[in-house]
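What follows is a short report on a single structure.
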Amino acid sequence: MIDIFSKRSAFATNPIREEDTAAEHLEREGTHVIRLNTGDPAVYMPTPRYIIDAYVRALQEGRTSYSRSEGIVALADAVAHRYSRMYGVDFGGDAVVVTQGISEGLGIINSALIDEGDRACIFRPYYPAYMTNLRLAGGETVRCGYNEDSGWSIDTDEVEKALGQAGGVIKYMLITNPNNPTGTVLGRDVLSELVDIANDHELLIMSDEIYDEIVFNGASFTSIAQLARGVPHVILNGVSKNFDATGFRIGFIVVPEQDETSLALRQKFLDYVRVRLSANTPAEYACAEALNNVAEHTRATKAMVAEIQDRVNYSVDLLEENEYMSVVRPEGAFYAFPRLDLSSLAFQSDTEFVRGLLDEEHVQITRGSGFGEPSHIRLVCLPPKEILGDAINRINSFCSRHAR
Ligand SMILES: Cc1ncc(COP(=O)(O)O)c(C=O)c1O
């Protein structure tokens, strides 16, 4: 074989999808696999009708050309209005760059900010694409994380310490709120402290708020845009989760402030999106309508979040009965992230557990090590309760069968 690949290309992996080929193989052989690996609400809860109608209308109106690289004005303005309406922060559509999902935004951000050996503060457990994109750009992480024993909280003294010890150039701090995979919703106080710490260390603070409306069990959400006024910050959001429109591939990078750094960031992101011409034009038109149709959206989201809360709590109740694992109850997103007690199970690692579960019980989940947290597993709690119940019963009998 020709020696053709870059060294960095080895980082192009996604633990959430790494068992897909094996699962598809089973399915081709006629085996039904319960797939709890991808966090895709639209699989089980159809995208609301009014959004689909808007997409169809966009096509019928001939919105099929490339669009403005940074996104159509109507969508950028709709994102600005949403933040103003929901969080009382005012910025114009100029602050918004539309991307093909946050997934594309992460590649752009890391390519724009990271030089070989630069660092970023990404809290463990993290959404895997953060680390992948950081590494693909040649970067490394600062070791900081949530503490599971105190309900996946963040100890800001530990963050200070980690930043102090890290050495090298640290470019940004990235918060996910609510978090994937733990479902943690960070409180206002800890968020404020993180903003201060980032400021003191001259790091850009970024907040991925893609689940900001999927909050439950009594938690309340604060946007970083409410706390970081006057300092450069970046917000990531999109329609995949809150609007139940994953396949539209529409996300946003928002840089709300007007200082020199923020304006330079906006220009740089614009340079990047011009390279790839445009996002998905009909989806942009549909999303502009979706974001502006507050009445329909409120109705749809209320129903979706109530259903998600029910399914997550049901899953967690069942998982709590499993003596081979422990789980912190989430307050947002739609995952459960139990810790495996590997001392009582005949597996060396979460990876072995996940592979065995797929082979023997035909349930596909994701290994915690893919989120930077070994000895854990992540389950997507989106299917109806009968399916979740079936899957968790299979997990429970799998554990009993492989107990040490
Ligand atoms: C925290 C987080 N950010 C971003 C994404 C991907 O978003 P998008 O569909 O906009 O690419 C996900 C998907 O699961 C996620 O959990």
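Taking the options ALA166, ALA129, name whichever one is more than 16 Å from the ligand (Cβ to nearest atom) and among the aliphatic types (A, V, I, L, M). Don't jump to the end; show me each part of the working.
On the way: ALA129 fails: more than 16 Å from the ligand (Cβ to nearest atom).
Being more than 16 Å from the ligand (Cβ to nearest atom) and among the aliphatic types (A, V, I, L, M) holds for just one of ALA166, ALA129, which is ALA166.
In this structure, does GLU160 turn out to be touching a strand residue (DSSP E or B) at 6+ places or on another chain (Cβ under 8 Å), open to solvent by 10 Å² or more (accessible area, probe 1.4 Å) and of a type outside the set (Lys, Arg)? Even if it seems obvious, please write down each step before you answer.
Values: touching a strand residue (DSSP E or B) at 6+ places or on another chain (Cβ under 8 Å): no; open to solvent by 10 Å² or more (accessible area, probe 1.4 Å): yes; of a type outside the set (Lys, Arg): yes.
For GLU160, the condition - touching a strand residue (DSSP E or B) at 6+ places or on another chain (Cβ under 8 Å), open to solvent by 10 Å² or more (accessible area, probe 1.4 Å) and of a type outside the set (Lys, Arg) - is not met.
Residues are listed down the side, and each one gets a yes or a no for (1) buried (at least 23 other Cβ atoms within 10 Å of the Cβ); (2) within 20 Å of the chain's Cα centre (by Cα):
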{"residue": "GLU323", "(1), (2)": "no, no"}
{"residue": "ARG329", "(1), (2)": "no, yes"}
{"residue": "ALA333", "(1), (2)": "yes, yes"}
{"residue": "PHE337", "(1), (2)": "yes, yes"}
{"residue": "LEU345", "(1), (2)": "no, no"}
{"residue": "SER349", "(1), (2)": "no, no"}
{"residue": "PHE353", "(1), (2)": "yes, no"}
{"residue": "ASP359", "(1), (2)": "no, no"}
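Identify all residues within segment 220-235 that are in a loop (DSSP other than H, G, I, E, B), in contact with a strand residue (DSSP E or B) (Cβ under 9 Å, 6 or more places away or on another chain) and either farther than 30 Å from ARG311 by Cα or away from the ligand (no atom under 16 Å from the Cβ) (or both); write none if there are none.
Of everything in segment 220-235, those that are in a loop (DSSP other than H, G, I, E, B), in contact with a strand residue (DSSP E or B) (Cβ under 9 Å, 6 or more places away or on another chain) and either farther than 30 Å from ARG311 by Cα or away from the ligand (no atom under 16 Å from the Cβ) (or both) turn out to be ALA228, VAL231, PRO232.
Output the number of residues of segment 253-278 satisfying the condition of being open to solvent by less than 10 Å² (accessible area, probe 1.4 Å) and either within 16 Å of the ligand (Cβ to nearest atom) or touching a Leu at 6+ places or on another chain (Cβ under 9 Å) (or both). Steps first, please.
Our first condition is that a residue be open to solvent by less than 10 Å² (accessible area, probe 1.4 Å); within segment 253-278, this holds for 253-255, 262, 269, 273.
Filter again for either within 16 Å of the ligand (Cβ to nearest atom) or touching a Leu at 6+ places or on another chain (Cβ under 9 Å) (or both), leaving 253-255, 269, 273.
Of the residues in segment 253-278, 5 are open to solvent by less than 10 Å² (accessible area, probe 1.4 Å) and either within 16 Å of the ligand (Cβ to nearest atom) or touching a Leu at 6+ places or on another chain (Cβ under 9 Å) (or both).
Table: residues versus (1) part of a helix (DSSP H, G or I); (2) closer than 17 Å to ALA129 by Cα; (3) in contact with a Ser or Thr (Cβ under 9 Å, 6 or more places away or on another chain).
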position: SER343; (1), (2), (3): yes, no, no
position: PHE347; (1), (2), (3): no, no, no
position: GLU352; (1), (2), (3): yes, no, no
position: ARG355; (1), (2), (3): yes, no, no
position: LEU358; (1), (2), (3): yes, no, no
position: GLY370; (1), (2), (3): yes, yes, yes
position: PRO374; (1), (2), (3): no, yes, yes
position: ARG378; (1), (2), (3): no, yes, yes
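Here are ARG57, ARG68, ARG119, ARG82: which of them is surrounded by 14 or more Cβ atoms within 10 Å (Cβ to Cβ), touching a helix residue (DSSP H, G or I) at 6+ places or on another chain (Cβ under 7 Å), farther than 22 Å from ASP212 by Cβ and among the charged types (D, E, K, R)? Walk me through how you get there before you give the answer.
On the way: ARG57 fails: touching a helix residue (DSSP H, G or I) at 6+ places or on another chain (Cβ under 7 Å); ARG68 fails: touching a helix residue (DSSP H, G or I) at 6+ places or on another chain (Cβ under 7 Å); ARG82 fails: farther than 22 Å from ASP212 by Cβ.
Sole residue among the options that is surrounded by 14 or more Cβ atoms within 10 Å (Cβ to Cβ), touching a helix residue (DSSP H, G or I) at 6+ places or on another chain (Cβ under 7 Å), farther than 22 Å from ASP212 by Cβ and among the charged types (D, E, K, R): ARG119.
How many residues does segment 132-157 hold that are open to solvent by less than 10 Å² (accessible area, probe 1.4 Å) and of a type in the set (A, V, I, L, M)?
2
For segment 85-105, name all the residues that are open to solvent by less than 30 Å² (accessible area, probe 1.4 Å) and either on the phi > 0 side of the Ramachandran plot or within 16 Å of the ligand (Cβ to nearest atom) (or both).
VAL96, VAL97, VAL98, THR99, GLY101, ILE102, GLY105
Just for segment 188-218: of the residues that are out of contact with any strand residue (DSSP E or B) (no Cβ under 6 Å at 6 or more places or on another chain) and closer than 23 Å to ARG339 by Cα, which one is nearest to the ligand (Cβ to nearest atom)?
PHE216
So which helices (runs of 4 or more DSSP H) are wholly in segment 245-321 and hold at least 2 residues that are aliphatic (A, V, I, L, M) and within 21 Å of the chain's Cα centre (by Cα)?
Values: elements: 260-275, 281-292, 294-320.
Helices (runs of 4 or more DSSP H) meeting the threshold: 281-292, 294-320.
The values are calculated or read from the model by the stated rules, or taken from the named source; none is laboratory data. Keep in mind it's a predicted model, so treat the numbers as computed, not measured. Neighbour counts run over all protein chains shown; Cβ positions are idealised from the backbone, glycine included. For the accessible areas, the whole protein counts, side chains as well, though only heavy atoms, and no ligand, DNA or RNA atoms are used. Shrake-Rupley method; radii C 1.70, N 1.55, O 1.52, S 1.80 Å.
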